[in-house]
């Protein structure tokens, strides 16, 4: 069968796609296949099928945190200011402002958070940290604010359906430096909840990249690591 | 999780840098695990991860959700670039005993990240069941080639079997996998 025609044979296409995704082609064959692939939608579909078939193998590999330098180099290469986003170390006032602007790019949440800030009475103490935790449907759901002097945590359950009767919602801080997840306690059911923070808890919030809320079973000892599914999550932004 | 990744990709396509940072935070540990396993050396894996995320940023608009889940799309970007790098390095001349030189790398906290676990759950189900149903030697061969980017010849040397035999095992394993998925 002549070369170009041979590649139209579905069985040949299937076999080539399989070998390409598995990664067993020689250098020359791989390059030739990539040229064919760019112009053949049938071949592209075959490749996508095999990528999907073998994805569970990739999922079985352990996750490894890449060095921070990769993110910095990436941000620089794309012309993104590292200060625009949540990965940077050290957050000055200007950095916080930029972070805040980064957050406001997320329209629905930002509109809500901004509105939330505007309706606070002028005499209210401004929070030092703010996190707007979104649920799966991307609607603003829980607003967490932390104040200093005295250290205090306020949670407003704006749109947060109660969990199942045999489970409760747990709040966790995800460390910006290590990714470690540490408990900030169990959420109550009141629409607005306020409690004092210990010095250790304050430091957890101060060093947090984001806050997450998981749903955990009520039975047994409260977990020291999240076990249940993540219900809400949001970046932790320093305001002052 | 897939819904969240689709949402982040569509925001990236609109130039939302915050969404890109969030996406990176969420999936870079999984993708770095894939790259490092293939390339064995951190500097190469770092470069591949950076290049892959650059492609993700610029190609986010071309991701079509009806053509597969977002994690598969992004894993393919990483794998394809890593395999191209391996090809450029002349991997056929590489020695297999380099396999373990990433063994001292600490497993990320992301392993305990419930969101990362959700990624796994999303990808399990039927595909995972079909992989489990393969004979051990077939699954092992497929996994070793897929994870480590080795050739049939290298696999045959490692298992001390003829190259033709391991090729047959891989082919039969993949055919059974496809049949199982089409049931």
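The values are calculated or read from the model by the stated rules, or taken from the named source; none is laboratory data. Being a predicted model, the structure only gives us computed values, none of them experimental. No Cβ is skipped: glycine too gets one built from the backbone with ideal geometry, and neighbour counts run over all protein chains shown.
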For this session: Please go through region B:22-42 and pick out each residue that is more than 10 Å from chain A (Cβ to nearest Cβ) and in a helix (DSSP H, G or I).
Result: B:23, B:39
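Can you name every residue in region B:141-157 that is assigned to a helix (DSSP H, G or I) and crowded, with 16+ Cβ neighbours inside 10 Å? If you could, list the steps in order and put the result at the bottom.
So the first thing to find is which residues in region B:141-157 are assigned to a helix (DSSP H, G or I), and the list is B:141-148, B:152-157.
The answer is B:141, B:142, B:143, B:144, B:145, B:146, B:147, B:148, B:152, B:154, B:155, B:156.
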For this session: Select from region B:48-70 the residues that are modelled with pLDDT of 85 or more, facing chain A (nearest Cβ under 7 Å) and within 17 Å of residue B:7 (Cβ to Cβ) and list them in ascending order.
Result: B:57
Exercise. Outside any helix (DSSP H, G or I) and more than 15 Å from residue A:133 (Cβ to Cβ), is that true of residue A:237?
Worked result: no
Exercise. So which residues in region B:163-183 are more than 16 Å from residue A:54 (Cβ to Cβ), more than 10 Å from chain A (Cβ to nearest Cβ) and in contact with a helix residue (DSSP H, G or I) (Cβ under 6 Å, 6 or more places away or on another chain)?
Worked result: B:163, B:166
Exercise. With respect to residue A:199, is the statement that it is within 14 Å of another protein chain (Cβ to nearest Cβ) and under 21 Å from residue A:178 (Cα atoms) true?
Worked result: no
Exercise. Among the residues of region A:175-205, which ones are out of contact with any helix residue (DSSP H, G or I) (no Cβ under 6 Å at 6 or more places or on another chain), more than 11 Å from residue A:153 (Cα to Cα) and in contact (Cβ under 8 Å) with a residue 60 or more places away in the chain?
Worked result: A:176, A:177
For this session: Tell me which residues, restricted to region B:2-21, are within 9 Å of chain A (Cβ to nearest Cβ), touching a helix residue (DSSP H, G or I) at 6+ places or on another chain (Cβ under 6 Å) and surrounded by 22 or more Cβ atoms within 10 Å (Cβ to Cβ).
Result: B:18, B:19, B:20
Seminar exercise, completed: Given (1) touching a helix residue (DSSP H, G or I) at 6+ places or on another chain (Cβ under 6 Å); (2) free of Cβ contacts under 8 Å to residues at least 60 places away in the same chain; (3) more than 9 Å from every other protein chain (Cβ to nearest Cβ), residue B:45 misses just (3)
